[in-house]
Amino acid sequence: MKNQNKVFVLEGKVQHYQWGGFTYLPELLGIDNPKGEPFAEYWLGAHSQAPSLIKNDGSLAELIANDPAVLGEKVKNTFGTLPYLLKILDVKDMLSIQVHPSKEMAVKGFAAENAAGIQPTASNRNYKDDNHKPELMVALGDFWLLHGFRPVQSMHKMLDSIPELQFLLEVFGDGDYKELYKEVMEMSQEEVNRRLGPLLERIVPVYEAGKLQKSAPDFWAARAALTFKNGEDIDRGIFSVYLLNLVFLQKGEAIFQDAGILHAYLEGQNVEIMANSDNVLRGGLTPKHIDVPELLKHVSFHAVEPKVIVGTTLNGFEKKFFSPAADFELSQLLIEKDSSKSLYTPTTDILIVLEGKLVAEEENAGSQNPIIVDKGGSLLLTAEARIRLESPTGAVLYRATVPS
Ligand SMILES: [Zn+2]
């Protein structure tokens, strides 16, 4: 019988995107960073772009392909693969404003780009796979993001308060989100420069003098102007800094982003879980490709009242962050010093230790017991694993699974 053991040490992959910080992920993972590279994301999962590796064995993607039973009956039959991707992010510089497609639109878009012969790595490629990408993030410290269009009243107040944006009040009217967003995304670069130039001339010196608070959109607009400077041309994503809700999350607070919700991570560290996909349509704050007509097909043009999810503690040590997504479920596990907790997994779970040291003991396992996992380490638990979790220090873990 293969795979007698159901618990494995798992190793994820670091993505060195330009916006990443230099110290948070290296410290968490115990990696040196002598060249001062940006460490943006740490991926745990089976996505074809960066599948995690199982210690002394192949990749997680291969394990599942060779033996789909490790997913458990339900996930095997519903998804046929690991449906989620778990990440740790360190956002030093703000990310692009983006939206993720629905499942239906992703299937269509991926097929269309394949048929058009656009290479997977081409800069004008929108669809990396055929999956949707709802996502849920939990802040690991102070975290700032843009999330969904401001409700009507808040939008009126915001546009009215910025003299250079007052021209948009008429476009928006009583709540025409589509016209408003089309206006700023379709206007010529000349007009973007003409509209935003005076605004930036006014706020950038105030930002540089350290006189703006992070709770003010001006702070992020000015920072964006300095981050995404491209000669004389101004990034049109700066309009969206004012049109979207500016959300602050404290450590342990979560937020869910469904298909169609415009968002941008501005600053901080988080743990993020999403459907197994890398499909992103960008809407500014980036030097990368923006396909405006394609983007507009995916944006949900309605008001969003941000809902902060604080989590629900179920059995004394596991706090779940519920979302409507069927592809994933994220929870935080608190293992107190010298306590012992049991966990049973109906499907393939991933655990990552963010604080402290974990001792995991698989019931009925062979010689590998127990497995000691230090901060930054991860475990893969295949279906029907039963493990006991202990900690000599006290430990904080995050658990990725699929709702049962
Ligand atoms: Zn996103």
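Could you go through segment 239-261 and let me know if any residue there is part of a strand (DSSP E or B) and among the hydroxyl-bearing types (S, T, Y). No, segment 239-261 contains no residue that is part of a strand (DSSP E or B) and among the hydroxyl-bearing types (S, T, Y). Within segment 370-382, residues that are assigned to a loop (DSSP other than H, G, I, E, B) have Cβ atoms under 9 Å from residues that are among the aromatic types (F, W, Y) and open to solvent by 10 Å² or more (accessible area, probe 1.4 Å) in these pairs: G376/Y42; T382/F8, counting only partners at least 6 apart in sequence or on another chain.
In this structure, does G311 turn out to be within 16 Å of the ligand (Cβ to nearest atom) and either more than 30 Å from A61 (Cβ to Cβ) or among the small types (G, A, S) (or both)?
Numbers: within 16 Å of the ligand (Cβ to nearest atom): no; either more than 30 Å from A61 (Cβ to Cβ) or among the small types (G, A, S) (or both): yes.
No.
Within segment 243-263, no residue satisfies the criterion of being open to solvent by less than 10 Å² (accessible area, probe 1.4 Å) and over 22 Å from R150 (Cα atoms).
Inspect all residues belonging to segment 224-237 and state whether any of them is within 16 Å of the ligand (Cβ to nearest atom) and either touching a Phe, Trp or Tyr at 6+ places or on another chain (Cβ under 7 Å) or in contact (Cβ under 8 Å) with a residue 24 or more places away in the chain (or both). Yes, some residue in segment 224-237 is within 16 Å of the ligand (Cβ to nearest atom) and either touching a Phe, Trp or Tyr at 6+ places or on another chain (Cβ under 7 Å) or in contact (Cβ under 8 Å) with a residue 24 or more places away in the chain (or both).
Take segment 1-31 and flag every residue that is in a loop (DSSP other than H, G, I, E, B), open to solvent by 30 Å² or more (accessible area, probe 1.4 Å) and within 26 Å of L381 (Cβ to Cβ). Listed by number, the residues that qualify are M1, K2, N3, Q4, N5, K6, G30, I31.
How about segment 90-110: which of its residues are assigned to a loop (DSSP other than H, G, I, E, B) and within 15 Å of the ligand (Cβ to nearest atom)?
Going through segment 90-110, the residues assigned to a loop (DSSP other than H, G, I, E, B) turn out to be 92-97, 100-102.
M94, L95, S96, I97, H100, P101, S102, listed by residue number.
Select, from L82, L136, the only residue that is touching a Ser or Thr at 6+ places or on another chain (Cβ under 7 Å), at pLDDT 90 or above and away from the ligand (no atom under 15 Å from the Cβ). Reasoning before the result, please.
Values: L136 fails: away from the ligand (no atom under 15 Å from the Cβ).
Step by step, each of L82, L136 is checked, and only L82 is touching a Ser or Thr at 6+ places or on another chain (Cβ under 7 Å), at pLDDT 90 or above and away from the ligand (no atom under 15 Å from the Cβ).
Scanning segment 319-342 for residues that are farther than 16 Å from P134 by Cα and open to solvent by less than 10 Å² (accessible area, probe 1.4 Å) gives S331, L333, I335.
Here is a yes/no grid of residues against (1) touching a residue at least 40 places away in the same chain (Cβ under 8 Å); (2) out of contact with any strand residue (DSSP E or B) (no Cβ under 9 Å at 6 or more places or on another chain):
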{"site": "H16", "(1), (2)": "no, no"}
{"site": "L28", "(1), (2)": "yes, no"}
{"site": "P38", "(1), (2)": "yes, no"}
{"site": "Y84", "(1), (2)": "yes, no"}
{"site": "I97", "(1), (2)": "yes, no"}
{"site": "K108", "(1), (2)": "no, yes"}
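Within segment 271-288, being at pLDDT 95 or above and either surrounded by fewer than 23 Cβ atoms within 10 Å (Cβ to Cβ) or away from the ligand (no atom under 12 Å from the Cβ) (or both) holds for V271, E272.
Quick one: count up the residues across segment 140-158 that are open to solvent by less than 40 Å² (accessible area, probe 1.4 Å) and within 17 Å of V241 (Cβ to Cβ). Count: 12. Applying the criterion of being within 24 Å of the chain's Cα centre (by Cα) and not in a helix (DSSP H, G or I) to the residues of segment 221-237, the residue that is surrounded by the fewest Cβ atoms within 10 Å (Cβ to Cβ) is F228. Looking only at residues in segment 295-308 that are away from the ligand (no atom under 16 Å from the Cβ) and of a type outside the set (G, A, S), the one that is least open to solvent (accessible area, probe 1.4 Å) is L296.
Please determine, by comparing only the residues of segment 113-133 that are open to solvent by 60 Å² or more (accessible area, probe 1.4 Å) and in a helix (DSSP H, G or I), which one is nearest to the ligand (Cβ to nearest atom). Steps first, answer last, please.
Filtering segment 113-133 for residues open to solvent by 60 Å² or more (accessible area, probe 1.4 Å) gives 114-116, 119-121, 123-124, 128, 130.
Now narrow it down to the ones that are in a helix (DSSP H, G or I): 114-115.
On the way: N114: 23, A115: 26 Å.
Once the filter is applied, the top-ranked residue is N114.
Taking the options L266, L212, name whichever one is surrounded by 16 or more Cβ atoms within 10 Å (Cβ to Cβ), more than 16 Å from the ligand (Cβ to nearest atom) and not hydroxyl-bearing (S, T, Y).
Going through L266, L212 in turn, just one is surrounded by 16 or more Cβ atoms within 10 Å (Cβ to Cβ), more than 16 Å from the ligand (Cβ to nearest atom) and not hydroxyl-bearing (S, T, Y): L212.
Only one entry in S161, S188 is farther than 26 Å from K288 by Cα, polar (S, T, N, Q) and surrounded by fewer than 20 Cβ atoms within 10 Å (Cβ to Cβ), namely S161.
When restricted to residues that are open to solvent by less than 30 Å² (accessible area, probe 1.4 Å), under 19 Å from I352 (Cβ atoms) and assigned to a loop (DSSP other than H, G, I, E, B), segment 45-89 contains 7.
Can you name the condition, by its number, that E170 falls short on among (1) closer than 24 Å to D93 by Cα; (2) open to solvent by 50 Å² or more (accessible area, probe 1.4 Å)? It is condition (1) that E170 fails.
The values are calculated or read from the model by the stated rules, or taken from the named source; none is laboratory data. These figures come from a predicted structure and were not determined experimentally. Note that we place each Cβ from the backbone using ideal geometry, even for glycine, and neighbour counts take in every protein chain shown. Just so you know, the surface numbers come from the protein's heavy atoms only, side chains and all, with ligands and any DNA or RNA stripped out. Shrake-Rupley method; radii C 1.70, N 1.55, O 1.52, S 1.80 Å.
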